[in-house]
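Q: Got a structure for you, written out below as structure tokens; questions coming shortly.
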Amino acid sequence: MHSLALPLLHPSSDFLSLECRLPRGRRGRGGARMKADEGEGRLYLGMDFGTSGARYVLVDDAGAIHSQAKKSYEGKEAGWEKSWRNTLESLLGEIPRQICARVASISIDGTSATTMIVSRRTGELLARPLLYNESCPEALERVAAMASENHTVCSSSSTLCKLVSWWDSHDDKDKDDALLLHQADWLLSLLHGKLGVSDYNNALKVGYDPEADCYPPWLRSQPFSQMLPSVQAPGTAIAFIKDEISSRYGFPEDCRVCTGTTDSIAAFIAAQTTEPGQAVTSLGSTLAVKLLSTRKVEDARFGVYSHRLDDLWLVGGASNTGGAALKQIFTDQELERLSAEIDPAKASPLDLYPLPAIGERFPVADPAMAPRLLPRPDNDAEFLHGLLESIARIEAKGYRLLTELGATKVEEVFTSGGGAKNTIWTKIRQRVLGLPVSSATNTEAAYGSALLALRGVNRG
């Protein structure tokens, strides 16, 4: 059986030594860059920008957690760009300067297919960010005509559909200056000052081919291909941290900023899962499943796609069901109280499909799918039981689908995200899945990003 050495990434074929790749920056005495304070050991910073908030985790050379913190976003009223930027600055400001002085590298994960169009000259946004769950159905027919049948990009919420939609709705004068970035790319650029660098996990849904390690010819031939970022393996050092950021927060001048990944991939890395047949379900605002497989599987009809991890494939999909839909109905306190009233050994007769809004991505890609929340029992505990069990059925359907499409059969499921803390839900899921279900070794995507930051310094 194959096994996978953490941190679970396929090395880029053109990865050069870190010192060759990184640009020159400020120098200390004698022309050398000011180095991280290693008196108490170097640290590595990972940041997760999820759907509802952000978190940082600092780890040491052994991968042990040194410290962590989280922040909620200001909300869309402030504008997502401003909210993400302010949250980044707020989290960095919470790290004491003496701790920042020990940070050797930084990596960030963001939500998959959250798309940003910026000016390649100034970095300013040319349009509002298009979030991970937003659809551009008007672009789907054109995208489907470009790509192979059932390609990952053939979903109205794919990054490529968002790019084509923007391209078709803007004047030529805007296009020469335009550059596509993903949420994680943009946040990282605020730290290293370079535009146009991405990673192949984020770039998958814009059409990047992780098997060939390049954009395919059908994509390179399109007029908008000039907007595509360059792509590196996750955890590749891009540049030293900007002088401004170094001075403001106390990071050493030789702190390296590394390419990131998506939030669900970071959660998988955090779980330190290494054997084919092992899977990680992320139960956050949404539900994402990832299965380690010996075979690559893709089918846009069902929102299924594969990321390459060394000689294995991480096959999965992301549903819009999950915590965000639950929190539209119950508060955190109600979820905790009502869960305690549920008998997890008993099946719920309710057949529901909780969604926070119209539209589903996996296990079926249907932008018109409406939430199904009726009938609602008078007893709230019975209603929550039905909601939790219905989400578990969606999860089970997703894993069955992956196997039917050719992925390695799932043997064991680990859980990350806030839903992993609900022991009643875990027991319901174990019954519905018919598989061992347990919490992952670590449940935070920010921890996975911290491992990428560690890799960025130590690889090569």
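Q: What are the pairs, 6+ residues apart or on separate chains, where a residue within segment 344-362 that is under 21 Å from ARG301 (Cα atoms) has its Cβ under 6 Å from a residue that is surrounded by fewer than 19 Cβ atoms within 10 Å (Cβ to Cβ) and basic (Lys, Arg)?
A: Between residues of segment 344-362 that are under 21 Å from ARG301 (Cα atoms) and residues that are surrounded by fewer than 19 Cβ atoms within 10 Å (Cβ to Cβ) and basic (Lys, Arg), the close pairs are TYR353/ARG372.
Q: Name the pairs: first residue in segment 131-159 and in contact (Cβ under 8 Å) with a residue 60 or more places away in the chain and on the phi > 0 side of the Ramachandran plot, second residue outside any helix (DSSP H, G or I) and of a type in the set (Asp, Glu), Cβ to Cβ under 9 Å, at least 6 apart or on different chains?
A: ASN150/GLU298; ASN150/ASP299
Q: Here's something else I'd like to know. Based on this model, can you work out whether SER230 counts as out of contact with any strand residue (DSSP E or B) (no Cβ under 9 Å at 6 or more places or on another chain), surrounded by fewer than 24 Cβ atoms within 10 Å (Cβ to Cβ) and either on the phi > 0 side of the Ramachandran plot or not hydrophobic (A, V, I, L, M, F, W, C) (or both)?
A: On the way: out of contact with any strand residue (DSSP E or B) (no Cβ under 9 Å at 6 or more places or on another chain): no; surrounded by fewer than 24 Cβ atoms within 10 Å (Cβ to Cβ): yes; either on the phi > 0 side of the Ramachandran plot or not hydrophobic (A, V, I, L, M, F, W, C) (or both): yes.
No, not satisfied.
Q: Only one residue in LEU350, LEU355, LEU388, LEU435 is over 29 Å from CYS161 (Cβ atoms) and either under 24 Å from the mean Cα position of the chain (by Cα) or loosely packed, with under 14 Cβ neighbours inside 10 Å (or both), so which one is that?
A: Values: LEU350 fails: either under 24 Å from the mean Cα position of the chain (by Cα) or loosely packed, with under 14 Cβ neighbours inside 10 Å (or both); LEU355 fails: over 29 Å from CYS161 (Cβ atoms); LEU435 fails: either under 24 Å from the mean Cα position of the chain (by Cα) or loosely packed, with under 14 Cβ neighbours inside 10 Å (or both).
It is LEU388.
Q: Something else about it: Scan segment 354-367 and tell me whether some residue there is part of a loop (DSSP other than H, G, I, E, B), within 29 Å of LEU452 (Cα to Cα), in contact with a strand residue (DSSP E or B) (Cβ under 6 Å, 6 or more places away or on another chain) and hydrophobic (A, V, I, L, M, F, W, C).
A: Yes, segment 354-367 contains a residue that is part of a loop (DSSP other than H, G, I, E, B), within 29 Å of LEU452 (Cα to Cα), in contact with a strand residue (DSSP E or B) (Cβ under 6 Å, 6 or more places away or on another chain) and hydrophobic (A, V, I, L, M, F, W, C).
Q: If you check ALA54, ALA64, which single one turns out to be touching a strand residue (DSSP E or B) at 6+ places or on another chain (Cβ under 8 Å) and at pLDDT 95 or above? Walk me through how you get there before you give the answer.
A: Working: ALA64 fails: touching a strand residue (DSSP E or B) at 6+ places or on another chain (Cβ under 8 Å).
Of the residues listed, the single one that is touching a strand residue (DSSP E or B) at 6+ places or on another chain (Cβ under 8 Å) and at pLDDT 95 or above is ALA54.
Q: Across segment 59-99, which residue is surrounded by the fewest Cβ atoms within 10 Å (Cβ to Cβ) among those that are within 23 Å of LEU125 (Cα to Cα) and of a type in the set (A, V, I, L, M)?
A: Applying the filter and picking the extreme gives ALA78.
Q: I'd like to know if segment 382-398 contains one or more residues that are closer than 21 Å to THR274 by Cβ, aliphatic (A, V, I, L, M), touching a strand residue (DSSP E or B) at 6+ places or on another chain (Cβ under 7 Å) and outside any loop (DSSP other than H, G, I, E, B).
A: No: zero hits.
Q: Against the definition (surrounded by fewer than 23 Cβ atoms within 10 Å (Cβ to Cβ), touching a residue at least 24 places away in the same chain (Cβ under 8 Å) and either in contact with a helix residue (DSSP H, G or I) (Cβ under 6 Å, 6 or more places away or on another chain) or among the aliphatic types (A, V, I, L, M) (or both)), how does PRO367 come out, yes or no?
A: Taking the combined requirement at face value, the residue satisfies it.
Q: Identify, please: which residue in segment 227-247 is in contact (Cβ under 8 Å) with a residue 40 or more places away in the chain and in a helix (DSSP H, G or I) and is, among those, nearest to HIS151 (Cα to Cα)? Before the answer, list the steps.
A: Looking only at segment 227-247, we keep the residues that are in contact (Cβ under 8 Å) with a residue 40 or more places away in the chain, and these are 227-229, 232-243, 245-246.
Restricting the remaining residues to those that are in a helix (DSSP H, G or I) gives 227, 243, 245-246.
On the way: MET227: 20, ASP243: 42, ILE245: 40, SER246: 42 Å.
For segment 227-247, the residue satisfying everything is MET227.
Q: Restricting to segment 439-460, what's the tally of residues that are part of a loop (DSSP other than H, G, I, E, B) and of a type in the set (Lys, Arg)?
A: The total comes to 1.
Q: Another one. May I ask you to list the residues in segment 248-274 that are in a loop (DSSP other than H, G, I, E, B), hydroxyl-bearing (Ser, Thr, Tyr) and at pLDDT 90 or above?
A: Within segment 248-274, THR259 is the sole residue that qualifies.
Q: Step by step: first the residues of segment 208-226, then only those that are touching a Gly at 6+ places or on another chain (Cβ under 9 Å) and in a helix (DSSP H, G or I), then the one that is nearest to GLY448 (Cα to Cα). Which residue is that?
A: By that ranking, first place goes to LEU219.
The values are calculated or read from the model by the stated rules, or taken from the named source; none is laboratory data. Bear in mind that the values here come from a model prediction, so they are computed numbers and not experimental data. Note that each Cβ is placed from the backbone with ideal geometry, even for glycine, and that neighbours are counted across all protein chains shown.
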